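Q: Would you mind keeping the following structure in view while I ask a few things?
The values are calculated or read from the model by the stated rules, or taken from the named source; none is laboratory data. All values derive from a computational prediction rather than experimental measurement. So basically every Cβ, Gly included, is an ideal-geometry build from the backbone, and we count neighbours across all protein chains shown.
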Amino acid sequence: MATLLSDTEQQIKGIRRELDNWTGSASTLVGHQSNLAYWLKKRYLLKGAKKPDDLNEAIRLWRQVIVRLDSTDPPKFAAASAASAVYAAVSNNLGNSLGHLFGHTKDIADLEEAVQRCWSAVKAATSGDSELWRYERGRDNAQTNLDDERSLRETSEVKLSLRQTIASISEDEVQDRSSRLHELGNAFYERYAFTQDPEDLYRAVRLGRQTCQCTPATDSAFDARRLDLGYRLLLSYEHSGNTISLKEAVQIMKDVLQAIPLNAPDRVDILTNLGVGLNFFYERTGLINYLANTMVVTLQALKMTSEGHPGRPALLSNIADRLQAQYERTGKVEKLQEAIEKATRAVELTPESETGCRATRLNNLGNKLIREYERTGRLDRLDDAIETARQAKALLPYDHPDFTTTLTGLGYNLMRQFERTREGTVLEEAIGCARQAVKDTQEGHQERPGRLDILASMLGLRTPLHFPGRANLRNNLAASLGLRSQRSMNINDLEDTIQESRIAVRELQNRGLQNEHPELAPLLLNLGTSLAGLWEHSETKDRTHLEEAITVTRSAWQCQAATPFDRLRGAIKAIQLLQAVEQFESAYDLSVEAITFLPSISNQSLTQEDQQYIVAHFSGLAATACSLALHVGKSPGLALELLEQARGVIIGLLVDDRSGLAELKAVDPELYMQYEKLRLEVDRPSRSTRNTLGRQISTSRTGALAELEECFQKIQRLRGSRGLLHGLAATKMKACAASGSIIVVNATALRSDAIIITPDAITAIPLPKLTTEKAEYWIQQDLTTYPSLDEVGTKNKSWRAFLTWLWHACVRPVMLKRYPTQSSVEDLPRVWWIGTGLVSSFPFHAACKESGGVKESCCYRVLSSYTPTEKAMKYSRERAAAVIPSSAKPWRAYVASMPSTPGLNDLPGTTDESCSVKRVVEENLQSLFTIETKEHPDVAGAVVEIQKCNIARFACHGISDPLVPSRSGLVLQTSGTRTQAPRQDSLSVRDVFEIRLEHAEIAYLSACSTAENKVKPLADEVLHVVSGFQAAGFRHVVGCLWPSLDHVCKQVAESFYSALWRNGVESYNDRAVALALHKTVLEVREGEDHCLQPLVWAQYVHFGA
């Protein structure tokens, strides 16, 4: 702030010197006077808009400019004629400044002139003037302010009557003192309801206390008067944020509830307001027990009301708020959906005649609809939220106490619309709403900081920051800040954003809350982001801006009362900024704190989609922590432990769930049974949510989720059960590499490394050529989309270039260090690849130099497999292999194909592929296998068969969902009926995750993109169909990173099974599965038809033991 003020002072001094020495043309004088007026007004605002000296001088100068423009001969000075853009801009500035002046003078003539000047600006601007919309907004705001002031002055007679009522009741009267004090308190409260003056409310509270002190406890009016005081104290807390008032209000209502009969008619109202008070405590402290208590109290009140009870809509609306709070705390989308249902019902039950209540509840509903849009991206929810907010605003007069709330809601929803459409008029309407809401919210009101923060966020959108190309870390910082580059940069708007953010933070902290308020963290985070942007783009590059940004984002992380998501966002932002100033030790320490914090927000009581939503909040944290650990000199083992803790979280939870059950059963059989029952209830499919059964399932699941969370916490406290969401220790990682090496490729903007795990050691190899910029470049080439026939040659050429880069940047340094010599195919050393972040789906196994021959190719150096995480590999290795098949105990194979699929292209080659596989198995192992073949399987039937088989093979279409990876899957169909043909259906990752298998060995998925995850924020979760089958219990899974050709799919499938069983079942082991696929792919790669076409052979991968 001091720097901004100093710069402004310098500008003013410079312009004054030029004016003192001015001898030029009239146009130059007009320009100098207008510029001086602009900087004077800016200084007035920077100094807190307290003294109007600068403002008065700015107004005087702008008036002089307008006089000069009006008196100038248009032909001589056409650029400044009355119809010019200059005249419009000066008129608008003058009108805006007169509006500010009214705040000091309270002279309505200033407002009237402001309207006149703003109208002049609109009339002077041409239709093509890019600033016309701004002038129109200024005119509308000025007219609104004038109308409001006139309306307020017209009510003076009503206020005079209230003053006379108050004056007629003397506090000094002794006779019937309690009744007179009660009347006096009511008079002040009535005036407060009219004026919204907090002083009237505070006097009403003081008189209420005196009334209760003078009223005997035996008086029939005692409880009613105590309740009056309690309700006034709640309102007082809303204005002042004083927790003493809140505690007193809550205690009064609790006392009255104990004193009155259970069937007392006003019990519902008391419970309702008690719930409000307890919710204020939750909002203030962030303590989850307050949220639970307010829900209990509000539900008690709801049970006491019938469908037609007048208090039922308010209760439903309050319950909706509590459910939304639970959603924001836990990320459970079912809570949000239930909140929308309750809020919708509250609106439906509110009579249209109750415009105030209806507007409040419409606004409440809009808040929840916009949250669902933010969660799901559903455009209909965005449209509904905006329309609902507009309806709420239209129902209320400007002077209604809740009008500012509806303005804030509408402004926020419009801001979200602008982020999607980039329409400037939408953003300006949003800013207009937010400015008016802030203006109408008195200082000290508890909602004011939040409204200031929303305004600051909107102003920040006016200032999309463009980060020029710089070194790795700086570029990455720019991207991670989430700042936009589509529109031009405006430092002034950014400074306004920072100013509003500072005020919001200061007002919240001035209440003595410091870091105790849940809403402080997001305010600090927004301020930190804007400060970082100012540092990046200001000419002075003032480092104090960046240092302050680090301080405030770290403070956001330290807000104990904040939601876990806001705290984590603060930590991640601070880590990014600390790296920008090369404070790597501090960044590392903070990353360790953040990773240690993760188990509090992601656990097994969440549904998979909720887990994905939560995990996306800390995308990249694991890879960053790993890089920081290596950068500050920590051991590779410690770096890997951090990586394992914060990536692959969802699969880790599934693995923990399955591998820890036996241990839990031994430690506490009763708790084990309870957990299994609740888990089955939560995992129960709900495909038919539109019908009655689906709704019943959804309702029962909601209750089971709460019980499961409590059960999960009990399991965590058991000394004998393993801790969940904790990665493997380095010693266990080394044990996983017993028959080879695990190579983890970690790439971040800070550095890239290959961390090699062997049974004896964990070592790191720096990979300086594996930059995130180059990785991003190759990802943007969209190499995995199978081209048309005309593009095949070009795409294969790009693939060869990519694999050459991958060889030199990553794989070759590892080979030279670890595998410097070649071996025969049969003796190739085994490796398991794990890629993180950007490189999580890179085909390391196919890396090669285009013209380098066998010596410069990964597939001739090592036998490659993949695994999502070390924990997933440990799970596959620990699962006992099925007993080798025999005539007494034959294996069961399930061979499914979809030669035709409803709504998609036919795949006639899948039938031939299935027949070939069946023929190979029968020729080699006829008495050792029973084979179940199925064309056009439905999902339910496929799930049943998977649970019975040792080997599963699917030949069908595959889908990779671009938004929610757990919806990716194998495309099958529904079962048809006599009246309805089969429809397309998906065996999704979620469906597969829910399956628990005991004797599953090999899953061969001959389908497109079964090993692909397109969701960038969830890249480290490695969520795709292949990993789903591995987590379900298959020890080996073969899949594809992208589509291939039908005849190649058939060749690979047939050759794979031939190679696997060529020497009979006695040779079957874990290595044999990986080697069979390796040999098969080499055969395709070395053939004349495809030797230069990695697009048709490099996609086949093996996951598992």
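Q: Applying the selection to the stretch 321-345, what residues are surrounded by fewer than 22 Cβ atoms within 10 Å (Cβ to Cβ) and touching a Ser or Thr at 6+ places or on another chain (Cβ under 7 Å)?
A: Residues satisfying the conditions are E328, R329, E334, E338.
Q: Step by step: first the residues of the stretch 748-781, then only those that are in a strand (DSSP E or B) and touching an Asp or Glu at 6+ places or on another chain (Cβ under 8 Å), then the one that is farthest from G637 (Cα to Cα). Which residue is that?
A: Out of the qualifying residues, it is P766.
Condition check ((1) in contact (Cβ under 8 Å) with a residue 24 or more places away in the chain; (2) in contact with a Cys (Cβ under 7 Å, 6 or more places away or on another chain); (3) not aromatic (F, W, Y)) across all residues:
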| site | (1), (2), (3) |
| --- | --- |
| T215 | yes, no, yes |
| D228 | yes, no, yes |
| L233 | yes, no, yes |
| Y237 | yes, no, no |
| I244 | no, no, yes |
| M253 | yes, no, yes |
| L271 | yes, no, yes |
| L278 | yes, no, yes |
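Q: Continuing with this model, one more query. Among residues belonging to the stretch 916-939 that are of a type in the set (A, V, I, L, M, F, W, C) and part of a strand (DSSP E or B), point out the one that is modelled with the lowest pLDDT.
A: F929
Q: Continuing with this model, one more query. Look at the stretch 143-195 and say how many of its residues are in contact with a Lys or Arg (Cβ under 6 Å, 6 or more places away or on another chain), modelled with pLDDT under 70 and assigned to a helix (DSSP H, G or I).
A: Within the stretch 143-195, residues that are in contact with a Lys or Arg (Cβ under 6 Å, 6 or more places away or on another chain), modelled with pLDDT under 70 and assigned to a helix (DSSP H, G or I) number 1.
Q: Can you tell me which residue among V1065, V1026 is of a type in the set (A, V, I, L, M) and at pLDDT below 80?
A: None of the others qualify; the one that does is V1065.
Q: State yes or no: is A625 within 30 Å of G377 (Cβ to Cβ), at pLDDT 90 or above and within 21 Å of the chain's Cα centre (by Cα)?
A: Yes: the conditions hold for A625.
Q: Go through (1) more than 22 Å from the chain's Cα centre (by Cα); (2) basic (K, R); (3) on the phi > 0 side of the Ramachandran plot for R390 and report which single condition fails.
A: Only one criterion is unmet by R390, namely (3).
For every residue, the table says whether it meets (1) within 25 Å of Q560 (Cα to Cα); (2) assigned by TED's automatic domain parsing to the domain that holds F993; (3) at pLDDT below 75; (4) under 20 Å from the mean Cα position of the chain (by Cα).
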residue: S602; (1), (2), (3), (4): yes, no, yes, yes
residue: E609; (1), (2), (3), (4): no, no, yes, yes
residue: V615; (1), (2), (3), (4): yes, no, yes, yes
residue: L642; (1), (2), (3), (4): yes, no, no, no
residue: G648; (1), (2), (3), (4): no, no, yes, yes
residue: V682; (1), (2), (3), (4): no, no, yes, no
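Q: So A314 passes all but one of these: (1) within 27 Å of P522 (Cα to Cα); (2) touching a Cys at 6+ places or on another chain (Cβ under 9 Å). Which condition number does it fail?
A: Every condition holds for A314 apart from (1).
Q: Follow-up question, since we're still on this one. Here are the criteria: (1) in contact with a Leu (Cβ under 6 Å, 6 or more places away or on another chain); (2) over 17 Å from N1013 (Cβ atoms). Tell me which single one P965 does not satisfy.
A: The one condition P965 does not meet is (2).
Q: State all residues of the stretch 936-969 that are crowded, with 24+ Cβ neighbours inside 10 Å, closer than 15 Å to C1040 by Cα and of a type in the set (A, V, I, L, M); if no residue qualifies, say none.
A: Selection gives A955 alone.
Q: Of everything in the stretch 207-245, what is assigned to a loop (DSSP other than H, G, I, E, B) and either within 22 Å of D266 (Cβ to Cβ) or more than 49 Å from the chain's Cα centre (by Cα) (or both)? Give them in sequence order.
A: Once the filter is applied, which keeps residues that are assigned to a loop (DSSP other than H, G, I, E, B) and either within 22 Å of D266 (Cβ to Cβ) or more than 49 Å from the chain's Cα centre (by Cα) (or both), the stretch 207-245 yields T215, P216, A217, T218, D219, S220, A221.
Q: Could I ask something else about it? Output yes when any residue across the stretch 536-553 is at pLDDT 85 or above, surrounded by fewer than 24 Cβ atoms within 10 Å (Cβ to Cβ) and acidic (D, E), and no when none is.
A: Within the stretch 536-553 (the criterion being at pLDDT 85 or above, surrounded by fewer than 24 Cβ atoms within 10 Å (Cβ to Cβ) and acidic (D, E)), the answer is yes, since at least one residue qualifies.
Q: So which of A809, A847, A872 is touching a Phe, Trp or Tyr at 6+ places or on another chain (Cβ under 8 Å) and either free of Cβ contacts under 8 Å to residues at least 12 places away in the same chain or not acidic (D, E) (or both)?
A: The match here is A847.
For every residue, the table says whether it meets (1) aliphatic (A, V, I, L, M); (2) more than 39 Å from the chain's Cα centre (by Cα).
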site: S840; (1), (2): no, no
site: R861; (1), (2): no, yes
site: V895; (1), (2): yes, yes
site: L904; (1), (2): yes, no
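Q: A further question on this structure: Answer yes or no as to whether Y1100 is in contact (Cβ under 8 Å) with a residue 12 or more places away in the chain and not assigned by TED's automatic domain parsing to the domain that holds A955.
A: Yes: the conditions hold for Y1100.
Q: I need the full set of residues from the stretch 405-452 which are of a type in the set (K, R) and touching a Gly at 6+ places or on another chain (Cβ under 6 Å), in order please. If you could, list the steps in order and put the result at the bottom.
A: Within the stretch 405-452, the subset of a type in the set (K, R) is 416, 420, 422, 435, 439, 448, 451.
Answer for the stretch 405-452, where residues must be of a type in the set (K, R) and touching a Gly at 6+ places or on another chain (Cβ under 6 Å): there is none.
Q: Same structure, new question: Taking the condition over 17 Å from R329 (Cα atoms), of a type in the set (S, T, Y) and outside any helix (DSSP H, G or I), does T551 pass?
A: no
Q: Do the conditions hold for W833, that is, is it in a helix (DSSP H, G or I), of a type in the set (A, V, I, L, M, F, W, C) and not assigned by TED's automatic domain parsing to the domain that holds D1020?
A: no
Q: One residue is enough: does the stretch 693-714 have a residue meeting the conditions of a type in the set (S, T, Y), modelled with pLDDT under 95 and not in a helix (DSSP H, G or I)?
A: Within the stretch 693-714 (the criterion being of a type in the set (S, T, Y), modelled with pLDDT under 95 and not in a helix (DSSP H, G or I)), the answer is no, since none of the residues qualifies.
Q: How many residues, within the stretch 1035-1053, are in a helix (DSSP H, G or I) and more than 14 Å from A1003 (Cα to Cα)?
A: 7
Q: Being without any contact (Cβ under 8 Å) to a residue 60 or more places away in the chain and within 23 Å of H1036 (Cβ to Cβ) narrows it down to one residue among S966, S975, S988, S960; which is it?
A: S988
Q: Take the conditions within 15 Å of K1079 (Cα to Cα) and not hydrophobic (A, V, I, L, M, F, W, C) and apply them to S1055. Does it pass?
A: Yes: the conditions hold for S1055.
Q: Going through the stretch 849-886 one residue at a time, which ones are crowded, with 23+ Cβ neighbours inside 10 Å, at pLDDT below 90 and assigned to a loop (DSSP other than H, G, I, E, B)?
A: Hits for the stretch 849-886 are P868, T869.
Q: Before we move on, is W891 crowded, with 21+ Cβ neighbours inside 10 Å and modelled with pLDDT under 90?
A: Yes; evaluated as a whole, the condition is true for this residue.
Q: Sort out which residues of the stretch 302-349 are modelled with pLDDT of 90 or more and among the hydroxyl-bearing types (S, T, Y), and write them in order of number.
A: Passing the criteria: S317, T344.
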